[in-house]
Amino acid sequence: MKDVTKAGDLRGKYVLLRASLNIPLKEGQVQNHFRLERALPTLRYLKEQGAKTIVIAHIGREPEETLKPVFAALEKYLPLHWGGDVLGEEFATRRELMGEGDILLAENIRQHAGETENDPVLVEHLASVAEVYVNDAFAAAHREHASTFGVAQMLPAYAGLTFIEEVTELQKVMDPQAPALFLLGGAKFATKMPLVEKYLEIYEHVFIGGALANDIFKARGLEVGRSMVSDVSLADAPFLHDKKLLVPIDVIVDGPDGRQVKRPEEVTKEEKIMDCGPMTIDMLATYIEKAKTILWNGPFGAYEIGYTQSTEITARHVAGADAYSVIGGGDTVAAVEKLHINECFGFVSIAGGAMLTFLEHGSTSVVDLFRE
């Protein structure tokens, strides 16, 4: 791939860097520094090369959200300047004042609707402020937005150091050492069905947890009560009774009688499945211990509302395994960071949706832009 180290002499050149700074905030403060630290290698490389680096990124889902808290946190790692709105006069003035090695962080690019629409006017403006483009935001590599896709076709374009690392590590688990175990959690089975079908072919076992498992229970004729399920029906899915497919053998439910551990066939209409049970965690531990490759994306329970046990215990098991392990997805990574065991895995991806897209297709439209 064309990475930033192949961009030639960058001294004094304006470089537009698309970074991945969509970092969780609480009361206006950065809560963890994992994604922040993953942005540093490319930033430091460009600084050392004497480039005038203009950083664009997004944060959150609402247009009014700001990157100022991220700027304050990033400022503790290396010197940089606040640029404000990339279309504004403040930004234009700050850009003109930049010297070799300077870094200028622009405001949340998604404050402009043209970003997600890949608007040609915004693309042209972004291309006009730099001479070279570098994409280090693999977490957004499945989205054809102005700052990830459009501008890359207007300027000499290169992948950042972290972007390249993501691609390299994910390629490893697409050709795994056996026995291989894929742990998949979360929701929205419709978008993940092709992924399940593909990895049942190349992995020895695929475990389905979280709300995804409810769809399988339902398709097998079991009662799922008030549990979260997808709109899609799996009744005719060819993998429904595949021996390589693993699902929870017990679940934690919440209902009229409070929180209980039950077998899937014991769930009633008034209950809601919230997490995997202890027998399932023990079952997974056996498969984890035997595996040589472990791929994991997505939590197993309603993690965001406190059902964290199965996800966190499994994270400890994977961390202690001899297997080469790759994990990704927001809540999965949050669990790992909470337990302070990041360094115990083969690779921790900053991506969620982009990771799944890459694993399914072997690339994305954005990744293809940097193929040599």
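Here, each number is a calculation from the coordinates, and none is a lab measurement. Quick caveat: nothing in here was measured; it's all calculated off a predicted structure. Reconstructed Cβ throughout: ideal geometry from the backbone, glycine too, with neighbour counts over all protein chains shown.
Other residues with beta-carbon under 14 Å from the beta-carbon of G320 carry, at +1 per Lys or Arg and -1 per Asp or Glu, a net charge of -2. If the cut-off is 20 Å between C-alpha atoms, which lysines fall inside it for K76, apart from same-chain ones fewer than 8 positions away? Straight-distance partners of K76: K26, K47, K52, K68. Footprinting exposure proxy ranking of M355, M274, fewest other C-beta atoms within 10 angstrom first, gives M274, M355.
Working note: Karplus 6.51/-1.76/1.60 with θ = phi - 60° gives the stretch 125-141 the couplings 5, 4, 5, 6, 8, 8, 10, 9, 10, 10, 9, 10, 9, 4, 4, 10, 6 Hz, where Gly and Pro are set to x. Summarising the amide proton neighbourhood of S325: residues at separation of 5 or more, or on other chains, whose placed amide H is nearer than 5 Å comprise I294, G346, F347. A crude spin-label estimate for the pair I202 and T93, with each label 7 Å from Cα along the Cβ direction, gives 5.3 nm.
Filter K244/K272; K198/K244; K172/K338; K198/K262 down to the pairs with a C-alpha to C-alpha distance above 21 Å, please. Beyond 21 Å: K244/K272; K172/K338; K198/K262.
Taking 7 Å steps out from each Cα toward its Cβ at D257 and E27 produces label points 4.1 nm apart.
Phi angles across the stretch 288-294 convert, under the Karplus curve 6.51 cos²θ - 1.76 cosθ + 1.60 with θ = phi - 60°, into 3J(HN,Hα) values of 4, 4, 8, 6, 9, 9, 10 Hz, Gly and Pro given as x. The GluC sites (Glu not before Pro) of the stretch 1-92 that DSSP puts in a loop, and whose beta carbon has at most 16 other beta carbons within 10 Å, are E27, E64, E75. Kindly state, to the nearest 0.05, the FRET efficiency for Q171 paired with K2, given R0 = 22 Å and r defined as their beta-carbon distance. Calculated transfer efficiency: 0.85. For the stretch 168-361, the relative contact order comes to 22 percent (Cα pairs under 8 Å, sequence separation of at least 6). Which log10 I(q)/I(0) values, to two decimals, does the chain give at q = 0.07, 0.09, 0.15 Å⁻¹ under the Debye formula with one point per Cα? Debye curve over Cα of the chain, log10 I(q)/I(0) at q = 0.07, 0.09, 0.15 Å⁻¹: -0.34, -0.55, -1.24.
About the centre of its Cα atoms, the stretch 87-167 shows a dipole size close to 120 debye [charges on the beta carbon of Lys, Arg (+1) and Asp, Glu (-1) only; nearest 20 debye].
Could you tell me whether the stretch 129-286 comes out rounded, prolate or oblate from its Cα gyration tensor? Rule is a ≥ b ≥ c as square roots of the eigenvalues, rounded for a/c under 1.5, then prolate if a/b exceeds b/c, otherwise oblate.
Taking the square roots of the gyration eigenvalues as a ≥ b ≥ c, the stretch 129-286 is prolate.
Across all Cα atoms of the stretch 4-161, the radius of gyration (one decimal) and Dmax (whole number) stand at 14.1, 42 Å. Taking amide H as placed 1.01 Å from N in the peptide plane, the amide H of L246 sits under 5 Å from that of V206, F207, I208, each at least 5 places away or on another chain. Look at where the Cα atoms of the stretch 204-223 and of the stretch 121-135 average out, and the two centres are 45 Å apart.
Between K13 and K52, the built amide H atoms are under 5 Å apart, and every one of these is 5 or more places off in sequence or on another chain.
Summarising the strand pairing of the chain, around 25 percent of its internal DSSP beta bridges are antiparallel. A Cβ-based charge dipole, computed about the Cα centre of the chain with Lys and Arg at +1 and Asp and Glu at -1, lands at about 500 debye.
Working note: Karplus 6.51/-1.76/1.60 with θ = phi - 60° gives the stretch 107-119 the couplings 5, 2, 5, 7, 5, 10, 4, x, 5, 6, 8, 6, 5 Hz, where Gly and Pro are set to x. Each residue, V232 and K290, gets one label point 7 Å from its Cα in the Cβ direction; the gap between the two is 2.9 nm.
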